[in-house]
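Undergrad: Supplied in structure tokens, the structure appears directly below.
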Amino acid sequence: MDAALITAIAALVTAPVTAAAAMYGTRGANRAAQVANQAARENGALTGYDSLTTKLTAERDKAEREQAAADSRASAAVAEAQALRAEISRLQVDLDRARATIAQLGGHQP
């Protein structure tokens, strides 16, 4: 065989092999791109989830602090009301004693 025939046969054989290799390489690149895109979407979802979780945790902590402050104010108000009731009772006892003393001394009661 002469060199021209060998070159022509080699070109005929290598052309389909080269085309097949290019197609296979393109498929591999497409698959790799799809995997990368899917990983990016999953990473974005995880980042969004983490961000949402962080925000919700901060809101929960704020709500717990506000609830604790409200509970503290309510406890203080209850204690103040009890102190005022005790003061009213003490004053009522003093008033009753004063009325009794006035009655004993023969004074006029309103």
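The values are calculated or read from the model by the stated rules, or taken from the named source; none is laboratory data. Owing to the predicted nature of the structure, the values given are computational and were not obtained by experimental measurement. Heads up, the Cβs are rebuilt from the backbone with ideal geometry, glycines too, and the neighbour counts pull from every protein chain shown. All accessible areas refer to the heavy atoms of the entire protein, side chains included, with ligands and DNA or RNA removed. Shrake-Rupley method; radii C 1.70, N 1.55, O 1.52, S 1.80 Å.
Undergrad: Considering only residues that are open to solvent by 80 Å² or more (accessible area, probe 1.4 Å) and outside any helix (DSSP H, G or I), which ones fall in segment 66-110?
TA: 105, 108, 110
Undergrad: Further question: Could you grab the pairs with beta carbons closer than 7 Å, sequence gap of 6+ or different chains, first residue in segment 58-84 and free of Cβ contacts under 8 Å to residues at least 24 places away in the same chain, second one among the small types (Gly, Ala, Ser)?
TA: The qualifying pairs do not exist here.
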